[in-house]
1. Please list the radius of gyration and Dmax for the stretch 267-450, considering alpha-carbon atoms only, with Å as the unit.
2. Per residue of the stretch 183-195, what does 6.51 cos²θ - 1.76 cosθ + 1.60 with θ = phi - 60° give for ³J(HN,Hα)? Whole Hz please, x for Gly and Pro, Karplus curve as stated.
3. So if each residue of separation counts as 0.36 nm, and I subtract the Cα-Cα distance between residue 75 and residue 114, what length gain in nm does that give?
4. Could you give the length gained by full extension between residue 153 and residue 351, i.e. 0.36 nm per residue of separation minus their alpha carbon distance, to one decimal place?
5. Which entries in 327/404; 327/402; 293/404; 293/402; 312/439 show an alpha-carbon gap greater than 18 Å?
6. Could you give the length gained on full extension between residue 50 and residue 256, defined as 0.36 nm per residue of separation minus the Cα-Cα distance, in nm?
7. From the phi angles alone, apply the Karplus equation (6.51, -1.76, 1.60; θ = phi - 60°) to the stretch 3-14 and give each ³J(HN,Hα) in whole Hz, x where the residue is Gly or Pro.
8. What size of dipole, in debye to the nearest 20, comes out for the chain about its Cα centre when the only charges are +1 on Lys and Arg C-beta atoms and -1 on Asp and Glu C-beta atoms?
Amino acid sequence: MINKELFLIYLLVSILFIVAIRGLSKPNTALFSNRLGMAGMLLAIVATMFVLPEQNHIWILIAIFAGAVVGVLSATKVKITALPQMVAVFNGLGGLSSTLVAFAQMKNMQTQYLDMSLSVAIGTIAFMGSMIAYLKLQGSFTKILRKLPFHNVFNLALFIIMIFAWGNFLVSPTMDSLFYLMCFALLWSVAVTMPVGGADMPIVVSVLNACSGFAATAVGFSVSNVALIITGAIVGASGTILTFIMTKAINRSIWQVLFYNQTKDDDLKDTQDKTVRSASPEDAAFILENSSKIIIVPGFGMAASEAQFALKNMALVLKNKYGASVKFAIHPVAGRMPGHMNVLLAEAGIDYEDVFEMDDINPEFATADVAYVIGANDITNPAAKTLQTSPLYGMPVLDVYKAKTVFFVKRTLGSGYSKTDNPLFFADNTMMIFGDAKKVTENIVKDLEQG
């Protein structure tokens with residue numbers, strides 16, 4: 001196969017990826033678009049096989065088979081609650097792949113030193129940052145480990161050292177100098193990612209996704225692979241755009257997310273001694289069946305209890321039996337990864353026309369009879385608008401507090417991932433329903449069906 005033919009195939013692959021990404025934005029075309037992307041990847045693999053030495057095929061096929069097994073097991077065995085962790089791991093593996101390819105190119109005495117060094121630095125940052133994100137999402141780090149003393153100064157020092165290591169490699173391109181660059185990139189990635197709070201994890205995952213894309217682009221230049229260059233640029237650009245959109249949605253810059261930790265424990269405990277009003281599923285069902293406008297606000301609590309199917313049933317009963325208007329409100333950073341709530345609601349088959357973004361749904365809370373909140377702690381916290389010492393201050397939140405009645409479903413009164421108490425728990429129009437979100441919602445559905 002001549003290079004011109006291979007180039008055209010890679011160009012076709014890139015077009016397939018672009019069309020697939022475009023189609024993923026709509027629920028009715030998402031499945032077909034996903035398969036289109038799979039076809040593009042298969043075509044890229046087959047085309048690449050034809051330009052490799054024949055003696056390498058057996059090892060490549062073994063690697064492909066091993067990767068396919070891991071992919072199938074991950075897709076079929078990993079619970080939906082662990083989806084953010086899986087995304088973080090796969091994202092990190094993309095960065096690791098770029099790093100390994102760059103080292104292989106160096107061993108083969110290739111001379112694209114700038115491309116190699118960028119692949120190693122950015123790929124290592126993506127890999128190690130994603131691993132830290134995975135561990136944080138798993139809850140493996142304690143509060144002490146998350147807060148490094150003088151972490152901004154430490155981060156700056158590591159970054160300067162990493163730049164010097166990069167320059168040293170470009171001046172003296174050896175395997176040792178490339179290894180040192182990788183080590184400093186690894187340390188800097190750990191230092192930057194570790195202090196970030198869990199509420200900001202969707203943004204961090206988006207940043208690391210962009211890094212893995214740019215690393216793939218750099219390694220694409222190194223190995224002269226058009227498909228890697230184009231698709232890596234697409235991933236990097238999409239991750240960057242998504243990061244911009246999400247940081248804008250929470251009224252914070254990426255600098256504030258990664259480097260500015262303003263949490264003060266003394267400011268977060270002023271609501272500890274207040275009392276709450278609690279309610280039972282039966283109480284909630286009685287109020288819901290007499291309501292005409294209901295807004296459901298899913299948070300990580302929905303993912304943790306896998307309550308999306310119960311929510312769908314509740315929405316159907318309220319619509320079909322009681323003629324109520326039911327809408328779902330989605331915050332841009334709800335959950336633990338970009339689009340987390342959208343994925344779960346789509347899995348349950350909830351009509352996409354009933355799902356609204358924050359800016360579209362916020363004006364409607366003032367006229368809502370009931371806001372039904374499941375574990376969405378930080379993204380409904382009114383302290384983000386009023387308490388300047390809160391780490392959430394300045395972050396746009398869902399105006400749940402404006403609803404006539406708020407049902408907040410949680411296991412306990414524990415604070416969210418930001419470790420900030422939510423004054424909404426103690427508001428006069430709020431009733432807490434303690435328990436597992438799925439079981440609570442199922443009990444409400446039973447009472448609604450019998451009512």
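Read-outs: derived from the displayed coordinates by stated rules, not from any lab. Quick caveat: nothing in here was measured; it's all calculated off a predicted structure. Every residue, glycine as well, gets a Cβ built from its backbone with ideal geometry; the counts of neighbours run over all protein chains shown.
1. 15.1, 47
2. With the stated coefficients, the stretch 183-195 comes to 4, 5, 5, 4, 5, 5, 4, 5, 5, 7, 7, 4, x Hz.
3. On the way: separation 39, 0.36 × 39 = 14.04 nm, distance 3.62 nm.
Extending this stretch completely gives an extra 10.4 nm.
4. Details: separation 198, 0.36 × 198 = 71.28 nm, distance 4.85 nm.
Length difference between fully extended and current span is 66.4 nm.
5. Too far apart for the 18 Å limit: no listed pair.
6. Numbers: separation 206, 0.36 × 206 = 74.16 nm, distance 4.75 nm.
Between residue 50 and residue 256, full extension yields an extra 69.4 nm.
7. Once θ is set to phi - 60°, the couplings for the stretch 3-14 become 4, 5, 5, 5, 4, 5, 5, 4, 5, 5, 4, 4 Hz.
8. Working: 32 positive and 31 negative charges, 85 e Å.
Computed charge dipole of the chain: roughly 400 debye.
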